[in-house]
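Every number in this text was worked out from the coordinates using simple rules, so none of it is lab data. All figures in this text were calculated on a predicted structure; none of them were measured in a lab. Cβ atoms come from the backbone with ideal geometry, glycine included; neighbour counts cover every protein chain shown.
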Amino acid sequence: MQIIFWISLFIIVYTYVGYAVVLFFIIKILRIFRKKKTFDPNYELPSVTLIVAAYNEEYCIEEKIKNTIALEYPANKVNFIFITDGSTDKTPEIIARYPSIQLMHQSGRSGKIVAVHRAMQEVHTEVAVFTDANTLLNKEALINICRHYQDPNVGAVAGEKRVQIDDSGDATAGEGFYWKYESKLKAWDSELFSVVGAAGELFSVKTSLYIPVPEDTLLDDFMISMLIAEKGYRIVYEPDAYATETASANTKEELKRKVRIAAGGIQSFLRLTGLLNPLKYPVLFFQYLSHRILRWTITPFLMIFCFILNFYIVLAMEGDWKYQLILVVQVVFYGFALLGWIMQSRSIKVKIFFIPYYFCMMNYAVFAGIKRYMSSSQSVLWEKAKRK
């Protein structure tokens, strides 16, 4: 029983903290033997098409357009495609005012990935860049992304997601903290070998490597990039190409987003079985297991199991301070999470409780996501999470 407890605790700690520590030390060692990466100043940037899939984005599309056409890149090498399939508001009309943007629109909504596949049929450039309609890119984003393609082993480049957190002090403050932590992990993953999947806010692929994923795919950005990794190419992380968006409007909206991501994570895990071969992909398998699979499968269950088992051991082994201390730490942590939940529902601003609450909410989303995927109730037509 004690052995099972320590194994469970180890997996939990490794999933959320230990992997980062291991990565940190590996990277420190590698930097001793590896030369710092440099870019050839004479490299001729590839031709690129930036694709934006927009569904009823009337409230933000004009700002997105102005941000897009202001991006720095050789004018003769960049194209813009905005696809608005199914939109029923003025989004297509607004885009049509800008002749530098190719508008694709048809009635009927079939989901983002179907729209992206249709847009990709119009792409004849060397690189395709995908970005969300509700995010704003820094001016140098395209240049900073595309310079990585001078390395023939790079098949995709992931940009950084940045979340604007205001001073409201609500539980969505945990979202900003989470993405800062995730960004650091992605940077280390990339330096070790490859990022484990790209986020749809901003990523790019070599057009020749693009594989259309099934139309029922929930995490299309993750699947598209990982299929390229499965071919033996690296996914590089570029923090100097970033997409900024506001935080979710509230924790209810953030939970809704996390549940569908968790459902998509399970679907991806079941479909990307080729990456589960440690002999063929030794480093990538290690990264995929540590950074994604454990989070999307057993670790949330182990958290509950470990808490219950800890209680049982303390009752059965009176006086063993190690188990008592671990139980106290767990009770305090989950107590903080409970206080965060109570305070956010009453609009009380104490940020120290919101990180434990956000962490627990993320893990609850895994349970809900697995249930939703297994019951086939997660539609590919995602309902957008409202943002501030």
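Need one word for the stretch 92-207: rounded, prolate or oblate. Basis is the Cα gyration tensor (sqrt eigenvalues a ≥ b ≥ c); a/c below 1.5 gives rounded, then a/b vs b/c decides. Judged from the Cα gyration tensor, the stretch 92-207 comes out oblate (a/c at least 1.5, b/c at or above a/b). For Val78, the residues whose amide H sits under 5 Å from its own are Val48, ignoring neighbours fewer than 5 places away on the same chain, with H placed 1.01 Å from N. Which log10 I(q)/I(0) values does the stretch 269-310 give at q = 0.14, 0.18, 0.31 Å⁻¹ under the Debye formula, counting every alpha carbon as one identical point scatterer? The computed values of log10 I(q)/I(0) come out as -0.40, -0.57, -1.01. Dipole magnitude for the stretch 251-377: about 680 debye, using +1 per Lys or Arg Cβ and -1 per Asp or Glu Cβ, origin at the Cα centre. The trypsin sites (Lys or Arg not before Pro) found in the stretch 293-382 that occupy coil by DSSP, while having at most 10 further C-beta atoms within 10 Å, are Arg346. Go ahead and run the numbers for FRET between Ser345 and Asp240, Cβ-Cβ distance against an R0 of 35 Å, rounding to 0.05. Taking R0 as 35 Å, the efficiency between Ser345 and Asp240 is 0.35. Counting neighbouring beta carbons within 10 Å and listing from fewest to most, the residues Phe336, Phe354 come out as Phe336, Phe354.
By the beta-carbon count within 10 Å of each Cβ, the least crowded to most crowded order of Thr49, Thr244, fewest first, is Thr244, Thr49.
Rounded, prolate or oblate, given the Cα gyration tensor of the stretch 200-264, with a/c below 1.5 counting as rounded? Here the stretch 200-264 falls in the oblate category. For the stretch 147-152, 3J(HN,Hα) computed residue by residue from phi via the Karplus equation (6.51, -1.76, 1.60; θ = phi - 60°) reads 5, 6, 6, 5, 8, x Hz, glycine and proline entered as x.
Hey, any idea what the orientation-averaged projected area of the convex hull of the stretch 1-94's Cα atoms comes to, in nm²?
That works out to 12.9 nm², a quarter of the Cα hull's surface.
Hydrodynamic estimate: the Kirkwood radius of the chain over Cα pairs, inserted into Stokes-Einstein at 20 °C and 1.002 mPa s, corresponds to D of 96 µm²/s. Given +1 at the Cβ of Lys and Arg, -1 at the Cβ of Asp and Glu and no other charges, the dipole of the chain around its Cα centre is 680 debye to the nearest 20. Listed from fewest to most Cβ neighbours within 10 Å, the set Ile101, Ile113, Ile29 follows the order Ile29, Ile101, Ile113. Across the stretch 325-335, computed HN-Hα scalar couplings (Karplus, 6.51 cos²θ - 1.76 cosθ + 1.60, θ = phi - 60°) run 5, 5, 5, 4, 4, 5, 4, 5, 4, 5, x Hz from first to last residue, x flagging Gly and Pro. Dipole orientation for the chain: of the candidates Leu71, Asn153, Ile113, Asn153 has the Cα lying most toward the positive pole (charges on Cβ; Lys, Arg +1; Asp, Glu -1). For the chain, the relative contact order comes to 20 percent (Cα pairs under 8 Å, sequence separation of at least 6). Taking all C-alpha pairs of the stretch 229-301, those more than 17 Å from each other amount to 59 percent.
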